[in-house]
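The values are calculated or read from the model by the stated rules, or taken from the named source; none is laboratory data. Just so it is clear, the model here is predicted, and its values are computed rather than measured. Neighbour counts are summed over all protein chains in view; Cβ atoms, including those assigned to glycine, are modelled from backbone coordinates with ideal geometry. Remember, those area values only see protein heavy atoms, side chains included, never the ligands or the DNA or RNA. Shrake-Rupley method; radii C 1.70, N 1.55, O 1.52, S 1.80 Å.
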Amino acid sequence: TVHLKSNRGDPEANFGQRMESARQFLRHVKRMKAVYGRLKPVAVLLAGDFNTSLDEARFAADHTLAMIREAGFHWAYEGVPFAERISLPTRQRSRFPDTCFDQVFTQNLGRPQARVVPIPNVSDHMPVVLTLDLPPRAAP
């Protein structure tokens, strides 16, 4: 799970910090797959508050999410309409629109679909649920 750089401060610096976090994560995954992939198949789940969105023009220069997808990760909101993946709804007196900052990516876990569960007044973010169909565990 991750919680990438907030949007406070300079947008360009924020974008750079988030993209560097993604680069470090992707390098780590590559190294772990090189080591453990020789033993058995490796699957990866990456989820959390990315503080960026594929839907808003203000994040057009932030390529964090695109980098992860280009590295072969499945975006678990693929095909989900925007209205059904709003994980951070607008609050009264907020200057920010509804958005989807809470992202879920998988690799080697099929193409599962994430869903936002609208439970108000628990957090400023809505919970996100992902159901995975894993193969049965082999007997030792």
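Tell me which residues, restricted to the stretch 76-113, are in contact (Cβ under 8 Å) with a residue 40 or more places away in the chain, not in a loop (DSSP other than H, G, I, E, B) and not acidic (D, E).
Scanning the stretch 76-113 gives T99, Q103, V104, F105, T106, Q107.
Quick check: is even one residue across the stretch 42-57 open to solvent by less than 40 Å² (accessible area, probe 1.4 Å) and at positive phi?
Within the stretch 42-57 (the criterion being open to solvent by less than 40 Å² (accessible area, probe 1.4 Å) and at positive phi), the answer is yes, since at least one residue qualifies.
Checking I119 against (1) in a loop (DSSP other than H, G, I, E, B); (2) of a type in the set (V, I, T); (3) closer than 25 Å to A57 by Cα, only one condition comes out false. Which one?
(3)
Residue by residue through the stretch 82-115, note down the ones that are aliphatic (A, V, I, L, M) and out of contact with any Asp or Glu (no Cβ under 7 Å at 6 or more places or on another chain).
Answer for the stretch 82-115, where residues must be aliphatic (A, V, I, L, M) and out of contact with any Asp or Glu (no Cβ under 7 Å at 6 or more places or on another chain): A83, V104, L109, A114.
Just to be sure I understand, how many residues within the stretch 8-29 are within 12 Å of F59 (Cα to Cα), within 16 Å of the chain's Cα centre (by Cα) and open to solvent by 50 Å² or more (accessible area, probe 1.4 Å)?
Selection size over the stretch 8-29: 0.
Here are some conditions: (1) more than 26 Å from D133 (Cβ to Cβ); (2) open to solvent by 80 Å² or more (accessible area, probe 1.4 Å). E70 meets all but one. Which one does it not meet?
Answer for E70: the failing condition is (1).
Is it fair to say E78 is closer than 20 Å to T131 by Cα and surrounded by fewer than 18 Cβ atoms within 10 Å (Cβ to Cβ)?
Answer is yes for this residue.
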